[in-house]
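Inspection log for the structure reproduced underneath, given as structure tokens.
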Amino acid sequence: MADNDIGTAGRASGNGKGAMSAARNRSAARRSTRASGASDAAMKKQIAGLKREVSRLNRMLSDQAEEMAHGWYQSAADQASGLFSGASDRASRAARQLRSQAHSVSETVQRNPGTISTAVAIGGLFGVLIGLAVARSSQLEPDWFHRWHR
């Protein structure tokens, strides 16, 4: 409150220094307001430009990712197609070979039915004999049998 009294007294006494400094202060405040307004506008322009740049970079990255994904998919599809084609060729050759071998076995069986049935019977007999030999060589009473009957 004392400051107001001094400032008022100085103006009332006719001292022009107080009025002049007040005018300077108002003028400086207007200039600083204009300068800060201009710097705010410039900053807003820069921010808007940066936002546009970030948006452009995001679109560019998105496009590149899409191209890479499409290229990867195309490459994988080509590889799968090549593998399938190779597997198909091998399966076709194997099927032809099996057909020809089955045909020759079938012809042999048709020409010599007695020989084939004798060979199958002898093979079965050998299988039974081998099974009996293996069964005899093992323990008479397995360990699990003793565990429950002690």
Do you know which residues across region 105-117 are surrounded by 10 or more Cβ atoms within 10 Å (Cβ to Cβ) and either on the phi > 0 side of the Ramachandran plot or not aliphatic (A, V, I, L, M) (or both)?
Ser106, Glu107, Thr108, Asn112, Pro113, Thr115, Ser117
For region 118-146, what are the residues that are at pLDDT below 85, surrounded by 10 or more Cβ atoms within 10 Å (Cβ to Cβ) and more than 58 Å from the chain's Cα centre (by Cα)?
His146
Condition met for Val109 (over 39 Å from the mean Cα position of the chain (by Cα) and either outside any helix (DSSP H, G or I) or modelled with pLDDT under 85 (or both))
yes
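The values are calculated or read from the model by the stated rules, or taken from the named source; none is laboratory data. If you're wondering where the values come from, they're calculated on a predicted model, not measured in any experiment. Backbone-built Cβ (ideal geometry, glycine too); neighbour counts: all protein chains shown.
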